[in-house]
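Asker: Before we start, here is the structure in question, set down as structure tokens.
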Amino acid sequence: MTTEQAAYRRVLRRETHSSRSVAAVVAASVAVVLLLALLVGGVWSLLDPRFSEAASARIAELTSPDAGRVSLIVSGAVAVVVALILLLLAVLPGRRARRARTTERVALLVDDGVLADAVADAVAARCGIDRRQVSVTLARRRVTVRVTPTSGIRIDESAVAETAVDTVSDLGFVVTPKVYISERGVVA
């Protein structure tokens, strides 16, 4: 692998995946605040024995059965939700709506919105309808085309699917078409 290919792969990965830095900074900040609170509490309890007694009495008061189970349940639920969010941020891929491809000489990065507009333009031109009558969305492996025909004009579903696949495959990406043609047309 050439150094250009390695650079292409690194840059394209960075551009197609979202950054985790915000989540990491938030988690680190919360951890630092908690550790500083524990440190201050520990030093304070060494300097003032009454603080240690007051803190343990307050903790016992909060965790006693007559303090209210609702507050304990709510705080536990909040902790579980925060833990799940952090876990999902760590595990899920965090892909952006972009597609990447490399050749020997170039790296290609295409936003899914731009690719969807290109498919919509090609389908509208092939079917002879206004561009506003075509809606396209792209998923990871599928292109969904919704066409509202002009009243009285029949739209060939296979031609729409072929045009969508050809437009995307011209850039080197593979998708499966899903075509919806509205039963009601619009007046031209």
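The values are calculated or read from the model by the stated rules, or taken from the named source; none is laboratory data. In this text the structure is predicted, and so the values were computed from the model without any measurement. Neighbour counts are summed over all protein chains in view; Cβ atoms, including those assigned to glycine, are modelled from backbone coordinates with ideal geometry. SASA here: full protein model, heavy atoms, side chains in, ligands and nucleic acids out. Shrake-Rupley method; radii C 1.70, N 1.55, O 1.52, S 1.80 Å.
Asker: Working from the pairwise distances between different alpha carbons, so that the mean of 1/r is found and then inverted, what is the chain's Kirkwood radius in Å?
Answerer: About 22.2 Å, per the Kirkwood formula over Cα pairs.
Asker: How large is the Kirkwood hydrodynamic radius of the stretch 119-183, counting all unique pairs of alpha carbons, in Å?
Answerer: Hydrodynamic radius (Kirkwood, Cα only) of the stretch 119-183 equals 11.6 Å.
Asker: Under a crude label model (7 Å from the Cα following the beta-carbon direction), how far is E183 from R13 in nanometres?
Answerer: Simple spin-label model gives 5.0 nm for this pair.
Asker: Please identify, among P93, P49, P149, the residue showing maximal mean-square fluctuation in a Gaussian network model of the chain using a 10 angstrom Cα cutoff.
Answerer: P49
Asker: Continuing with this model, one more query. Rounded if a/c is under 1.5, else prolate if a/b is larger than b/c, else oblate: which is the stretch 38-83, with a ≥ b ≥ c the root eigenvalues of its Cα gyration tensor?
Answerer: Oblate is the answer for the stretch 38-83, as a/c is 1.5 or above yet b/c matches or exceeds a/b.
Asker: Quick one: if the Förster radius is 25 Å, what FRET efficiency do A83 and A60 give, using the C-beta to C-beta distance and rounding to 0.05?
Answerer: 0.50
Asker: For L39 and L171, what does the FRET efficiency come to when R0 = 45 Å and r is the distance between their Cβ atoms, rounded to the nearest 0.05?
Answerer: Once rounded, the FRET efficiency stands at 0.20.
Asker: First compute the accessible area of the stretch 139-188 with a 1.4 Å probe, then give the percent of it belonging to carbon and sulfur atoms.
Answerer: Using a 1.4 Å probe with all protein chains present, the stretch 139-188 comes out at 47 percent carbon and sulfur.
Asker: Enter the angle in degrees (range 0 to 90, nearest 10) between the Cα long axis of helix 69-91 and the first principal axis of the Cα atoms of the chain, meaning the one along which they spread out most.
Answerer: 50
Asker: Right, here's the next one. With contacts defined as alpha carbon pairs under 8 Å and 6 or more residues apart, what's the relative contact order of the chain in percent?
Answerer: It rounds to 17 percent for the chain.
Asker: Sticking with this structure for a sec: Among all stretches of the chain without exposed GluC sites (Glu not before Pro) (DSSP loop, at most 16 other Cβ atoms within 10 Å), which one is longest?
Answerer: 1-103
Asker: Using a 1.4 Å probe, what is the accessible area per residue for the chain, in Å²?
Answerer: Value returned for the chain: 71 Å² of accessible area per residue.
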